[in-house]
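See below for the structure under consideration.
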Amino acid sequence: MIRLEHIHKYYNPGTVNEMCLFEDFSLEIPKGQFISIVGSNGSGKTSLLNIICGSIPVESGAIYVNDREITNQKEYLRHRSIGRVYQDPSKGTCPSMTILENMALADNKGKPYGLGFNIHKDRIAAYKEMLAPLNLGLEDKLHVKVGSLSGGQRQAIALLMATMTPIDMLILDEHTAALDPKTAEIIMEFTNRVVREKQLTTMMVTHNLRYAVQYGDRLLMMHQGDAIIDAAGDAKKAITTEEIMKTFNEISVECGN
């Protein structure tokens, strides 16, 4: 379970450009819940992910994972139990290494390293088995460098790598935004399957309203650091893309756009 309690976050504090993004913001995410997050630029979507991952600090408040406070924990320590996939496919993989080397690297996440071989031959069959359901032919390209693959192929590998070891939470930061429509559909279907099979607590930021409605157990719509829509269960199932777009338009008018 993830809890954010009374979070305050300011940008450029003490300057003429000071901006308060989160003011006494709280959020609770039950274990295994899949949340889709939408909102306009500057609404706090990515900042929320960065706060949980430790990429940016908060002025006050507390962050808990499974009742353990991690508010002041270093980012690299949090990533031992958090998997994150970025919008840019190149951020989740090592382009100069092969698919096999990338997957072996992810397979050893959190394990002690010594002067031994990173790749274990007895794991190669397992890697192929993980890649085959994608239907991208990657299981036959284990010795191809990741940098020569398409964006969609790299994103699929990044998602696999992020979820190969036990994690408390999966963070998806617009992970289909840079992909063509067909590949984005493949990645979203694969994402949903991985999340369900592994029962991962997941937060997915997306600008695709259809994905926000179609996938996940809960939908948040952020605006100026607050969740103006928070729908789960039957309320989430009842939400339509038209309803979200209507709210977007209303906000736009209120903001003078």
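The values are calculated or read from the model by the stated rules, or taken from the named source; none is laboratory data. In this text, all values refer to a predicted model and were calculated from it rather than measured experimentally. Glycine also receives a Cβ, built like all others from the backbone with ideal geometry; neighbour counts cover every protein chain displayed. Heads up: the accessible areas ignore ligands, DNA and RNA and are worked out on the full protein's heavy atoms, side chains in. Shrake-Rupley method; radii C 1.70, N 1.55, O 1.52, S 1.80 Å.
Table for the structure above
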| item | result |
| --- | --- |
| Residue in region 172-180 that is over 30 Å from SER26 (Cα atoms), in a loop (DSSP other than H, G, I, E, B) and small (Gly, Ala, Ser) present | yes |
| Residues (open to solvent by less than 10 Å² (accessible area, probe 1.4 Å) and either among the hydrophobic types (A, V, I, L, M, F, W, C) or over 19 Å from GLY92 (Cα atoms) (or both)) located in region 174-189 | ALA184, ILE187, MET188 |
| Subset of region 192-210 (residues that are out of contact with any strand residue (DSSP E or B) (no Cβ under 7 Å at 6 or more places or on another chain) and part of a helix (DSSP H, G or I)) | ASN192, ARG193, VAL194, ARG196, GLU197, LYS198, ARG210 |
| Pair list, Cβ under 8 Å, 6 or more apart: region 212-234 residue closer than 18 Å to ALA177 by Cβ and without any contact (Cβ under 8 Å) to a residue 12 or more places away in the chain, other residue open to solvent by 50 Å² or more (accessible area, probe 1.4 Å) and not in a strand (DSSP E or B) | none |
| Restricting region 154-173 to residues that are touching a strand residue (DSSP E or B) at 6+ places or on another chain (Cβ under 7 Å) and either among the hydroxyl-bearing types (Ser, Thr, Tyr) or surrounded by fewer than 20 Cβ atoms within 10 Å (Cβ to Cβ) (or both), the residue that is nearest to ILE186 (Cα to Cα) | THR163 |
| Members of region 207-224 found to be among the hydroxyl-bearing types (Ser, Thr, Tyr) and open to solvent by 10 Å² or more (accessible area, probe 1.4 Å), listed by number | TYR215 |
| Qualifying residues in region 147-188 (those that are of a type in the set (S, T, N, Q) and touching a helix residue (DSSP H, G or I) at 6+ places or on another chain (Cβ under 9 Å)) - the one farthest from ALA126 (Cα to Cα) | THR176 |
| Yes/no for ILE35 being part of a strand (DSSP E or B), surrounded by 18 or more Cβ atoms within 10 Å (Cβ to Cβ) and out of contact with any helix residue (DSSP H, G or I) (no Cβ under 8 Å at 6 or more places or on another chain) | yes |
| Matching option when the condition is among the small types (Gly, Ala, Ser) and within 13 Å of the chain's Cα centre (by Cα), among ALA158, ALA227, ALA231, ALA238 | ALA158 |
